[in-house]
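Have a look at the structure below before the remarks.
Here, each number is a calculation from the coordinates, and none is a lab measurement. Since the model is a prediction, treat every value here as computed from it, not as a measurement. With ideal geometry, Cβ positions are generated from the backbone for all residues, glycine too; neighbour counts draw on all protein chains shown.
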Amino acid sequence: MKPSQSAAALAAGIFVLVFFQGTANAQFGFAQLPQDDFTWHWGDFERSSGFEDFASSGTDGRFRCELTGRLRPGSRMSRPDVREMETELRSSLEFVRSVANAMYILDQQRELDWATLVCKTPEPTEVSAEEKLERETKARERALRDLERRRARREREEGGTP
């Protein structure tokens, strides 16, 4: 198999894994994510210095996650294959599971040098008293407008005019 064919086969495998994993979910349920912030590593993460070859970010549950990684020097994946993988991961509804599956495949195929997934729960933003009062005022005004529209509609319906 030519290197371009094997890279295409790898990209197709990742595509199938990312987009058709829903059938397994229906049978086995959803994976449990950790309760707190977490970091997962694949490959030789002790050598995880230097520039990364790929990066992707996404959300899963209440977590905001960032993936970075580097391919082995002899990797058969082309730059378009890497961009496609990044896009597929970014668009996945189950980002963490998709990343874990893709990194496992890359690691098993000896394509991955290292990868790190960092997932954190975003800090809730504090709302000042002024902003809170402004939001409550706007909500009250919206509720009053909706109430007035319902009254007008009810009067039109009762009065027989469309």
Checklist (1) touching a helix residue (DSSP H, G or I) at 6+ places or on another chain (Cβ under 7 Å); (2) under 23 Å from Phe51 (Cβ atoms) applied to Arg79, failing item: (1)
Matching residues in region 91-110 - criterion: being buried (at least 22 other Cβ atoms within 10 Å of the Cβ) and touching a strand residue (DSSP E or B) at 6+ places or on another chain (Cβ under 7 Å): Phe95, Val96, Val99, Met103, Leu106
Residues of region 93-141 classified as under 27 Å from the mean Cα position of the chain (by Cα) and not in a helix (DSSP H, G or I), total: 21
Qualifying positions in region 111-139 - surrounded by 11 or more Cβ atoms within 10 Å (Cβ to Cβ) and hydroxyl-bearing (Ser, Thr, Tyr): Thr116, Thr121
Residue match in region 142-162 (condition: surrounded by 11 or more Cβ atoms within 10 Å (Cβ to Cβ) and either of a type outside the set (Lys, Arg) or assigned to a strand (DSSP E or B) (or both)): no
Filtered residues of region 68-81 (kept if surrounded by 18 or more Cβ atoms within 10 Å (Cβ to Cβ) and in a helix (DSSP H, G or I)): Asp81
Single condition Cys65 does not satisfy, out of (1) outside any loop (DSSP other than H, G, I, E, B); (2) touching a helix residue (DSSP H, G or I) at 6+ places or on another chain (Cβ under 7 Å); (3) over 22 Å from Lys120 (Cβ atoms): (3)
Single residue of region 107-130 satisfying the filter (touching a residue at least 40 places away in the same chain (Cβ under 8 Å) and out of contact with any helix residue (DSSP H, G or I) (no Cβ under 8 Å at 6 or more places or on another chain)) that is farthest from Phe63 (Cα to Cα): Asp107
